[in-house]
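To start, the structure under review is shown below, and the notes come after it.
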Amino acid sequence: MSETWESLEESVPINIFRAEVQSWARKLGVEPKEIRIRKMKRKWASCSSSGRLTFDRELLYQPGPVRTVVILHELLHLRIPRHTKLFKTLLSAYFHEKYPDLELPDLRALNIKNGYGTPY
């Protein structure tokens, strides 16, 4: 049996990821109806009109800033359905509250690098 090594800084268990989503949801004042984690072919995550959030399992292996921006993106869709100027401003503000010295990750570039066809 071969073992694969994963840096704990780069991967998180599902229960920790779910707790992170719930923590951000409380901060943003939103309540997702359901949080799913499964393999997705083209996106990091999605948000249904009924409030169900679905995240790609590969997100668990991404650095913290990438996970955070995807979580924030989907949670903000519970308030603002489209990528308006307000949506983008809030996404940036919440992200920089946690990571003040980092640039917002370019998920479009990251998706292309990882073989995903769409930005989110």
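Scan Pro100, Pro105, Pro65, Pro81 and give me the residue that is in a loop (DSSP other than H, G, I, E, B), within 17 Å of Val12 (Cβ to Cβ) and free of Cβ contacts under 8 Å to residues at least 60 places away in the same chain. Quick ask: steps written out before the conclusion?
Numbers: Pro100 fails: within 17 Å of Val12 (Cβ to Cβ); Pro65 fails: in a loop (DSSP other than H, G, I, E, B); Pro81 fails: within 17 Å of Val12 (Cβ to Cβ).
After ruling out the rest, the residue left standing is Pro105.
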field: Pick from segment 37-62, criterion aliphatic (A, V, I, L, M) and touching a residue at least 40 places away in the same chain (Cβ under 8 Å), ranking: surrounded by the most Cβ atoms within 10 Å (Cβ to Cβ)
entry: Ala45
statement: Scanning segment 6-36 residue by residue, those crowded, with 16+ Cβ neighbours inside 10 Å and modelled with pLDDT under 95 turn out to be Val12
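Rundown of residues vs (1) part of a helix (DSSP H, G or I); (2) among the aliphatic types (A, V, I, L, M); (3) in contact with a strand residue (DSSP E or B) (Cβ under 8 Å, 6 or more places away or on another chain), yes/no style:
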site: Pro32; (1), (2), (3): no, no, yes
site: Arg42; (1), (2), (3): no, no, no
site: Phe55; (1), (2), (3): no, no, yes
site: Glu58; (1), (2), (3): yes, no, no
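The values are calculated or read from the model by the stated rules, or taken from the named source; none is laboratory data. Keep in mind that this is a model prediction, so the values were computed, not measured. Don't worry about glycine lacking a Cβ; one is built from the backbone with ideal geometry, like all the others, and counts go over all protein chains shown.
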